[in-house]
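Written out below as structure tokens is the structure these notes cover.
Bear in mind that the values in this text are calculations on the coordinates, not laboratory data. Remember, predicted model here, so these are calculated numbers, not experimental data. Cβ sites come from the backbone with ideal geometry, for glycine too, and all protein chains shown count toward neighbours.
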């Protein structure tokens, strides 16, 4: 059986209140597309009925798969889901759908070509934020300033929960991942840069969800600690030798990533 064009990976922890509606929306969108697809829900040891709800949904939708995991943190669930995925493109999708799933096409060919990792961005030109508290935004920008100073200099937003990895990039990056908390995004993007991967920021519409599991101050401190750990692990050589990844083969194209009109409506 040939690999699907895209696998959507949804990390989930205690998401019983919205996981069914999220899957209905994601599957409804994907079912209308011309390409082959599947979905992996990586359940991070939920203590509620998340796993049973996904199992029930999957019985009627065979392209949906449940991966049950011990609780290790979001980064651990993302890593397991990405390594389980088989798609040519592997799309990380937060369970809260704070980005409309209809904007998935912004991350995929033919609209986006020539990159290894497409990073959903709330800060890139054309992006829009809705209903975000000012303090949350301010702390996020402060953390990103640290990221740009210490790890990934040219990305304006590393923490958005929507990213797309070319299969070859995912298979090189995720086995190296050492962080399982919220700092895993920075680690992956830092490694991607070190391996010469081509990254592009994709402007999205992003809606703040009041039920977000991010704890503003505690998680900000934890992410700052993770950022320092990434630099320390790299300095100590704990990632091993990072060989460059050959880019996508696109005869006649510039090696720069190209993005279609980001201002199109979803």
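Run the quick spin-label model on residue 146 and residue 24: label points 7 Å from Cα toward the beta carbon, then report their separation in nm to one decimal.
Taking the simple label geometry, residue 146 and residue 24 are separated by 4.0 nm.
For residue 86 paired with residue 194, estimate the spin-label separation in nm (one decimal), with each label point 7 Å from Cα along the Cα-to-Cβ line.
If labels sit at residue 86 and residue 194, their model points lie 3.2 nm apart.
Given the options 246, 133, 110, state which has the largest fluctuation in a GNM of the chain using a 10 Å cut-off (strictly under) for Cα springs.
Answer for the Gaussian network model of the chain: 133.
Multiply the residue gap between residue 2 and residue 231 by 0.36 nm, knock off their C-alpha separation, and tell me the result in nm, one decimal place.
Stretched fully, the residue 2-residue 231 segment lengthens by 78.6 nm.
List the relative contact order of the chain as a percent without decimals, with contacts defined as Cα pairs under 8 Å and 6+ residues apart.
23
Where does each of 67-79, 115-127 land if you order them by average Cβ count within 10 Å, highest first?
Averaged packing, sorted descending, gives the order 115-127, 67-79.
Rounded, prolate or oblate: which one fits segment 141-201, using the alpha carbon gyration tensor with axes a ≥ b ≥ c (rounded when a/c is under 1.5, else prolate when a/b beats b/c, else oblate)?
prolate
Answer with a single label: of (1) 0.95; (2) 1.04; (3) 1.10, which was calculated as Cα Rg over 2.2 N^0.38 Å from the structure in view?
Answer by label: (1).
How long are the semi-axes of the equivalent ellipsoid of segment 85-191, taking √(5λ) for every eigenvalue λ of the Cα gyration tensor, in whole Å from largest down?
22, 18, 13
Counting only the backbone N, which residues of segment 12-32 are under 17 Å from the spot 7 Å out from the Cα of residue 56 toward its beta-carbon?
Label zone hits: 14-25.
To the nearest 0.05, what FRET efficiency results for residue 68 and residue 209 with a Förster distance of 30 Å applied to their C-beta separation?
That gives a FRET efficiency of 0.80.
Work out the FRET efficiency for residue 34 and residue 238 from their Cβ-Cβ distance, taking R0 = 35 Å, and round it to the nearest 0.05.
About 0.25, to the nearest 0.05.
Just 206, 37, 232 to compare: in a GNM of the chain, with alpha carbon springs under 10 Å, which one fluctuates most?
In this elastic network of the chain, the residue with the biggest mean-square fluctuation among 206, 37, 232 is 232.
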